[in-house]
Amino acid sequence: MKLHVDPEKCQGHNRCYSLAPDLFEVDDYGLSTAVDAEVPADQADLARRVVANCPEQAITITEG
Ligand code: F3S
């Protein structure tokens, strides 16, 4: 599983980083990118919760 943040949709609400600071990085403008690595198995449920909590629906999960 990998996470992706759509830069066109992200508005910098930072709920993602607040919930899962190991899975996201925030730039100087407050916009988020997902860490480019597989989500650890023990954080898979957290990753799904983060996706559901982004008010802009900017985060997607790629399974595989
Ligand atoms: Fe952006 Fe959504 Fe996170 S708007 S900063 S991806 S909570």
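Observations
- Residue in the range 22-36 that is touching an Asp or Glu at 6+ places or on another chain (Cβ under 8 Å) and within 8 Å of the ligand (Cβ to nearest atom) present: yes
- Contact map, the range 1-16: first residue farther than 18 Å from Glu63 by Cα, second residue more than 6 Å from the ligand (Cβ to nearest atom) and among the polar types (S, T, N, Q), Cβ cut-off under 8 Å, separation 6 or more or different chains; pairs are Pro7/Thr33; Lys9/Gln57; Arg15/Asn53; Cys16/Asn53.
- The number of residues in the range 37-61 being loosely packed, with under 10 Cβ neighbours inside 10 Å and touching a residue at least 12 places away in the same chain (Cβ under 8 Å) comes to 1.
FYI, it's all coordinate maths here, none of it is from the lab. Values in this document were obtained by computation on a predicted structure and should not be read as measured data. Cβ coordinates were reconstructed from backbone atoms using ideal geometry, including for glycine residues, and neighbour counts include every protein chain displayed.
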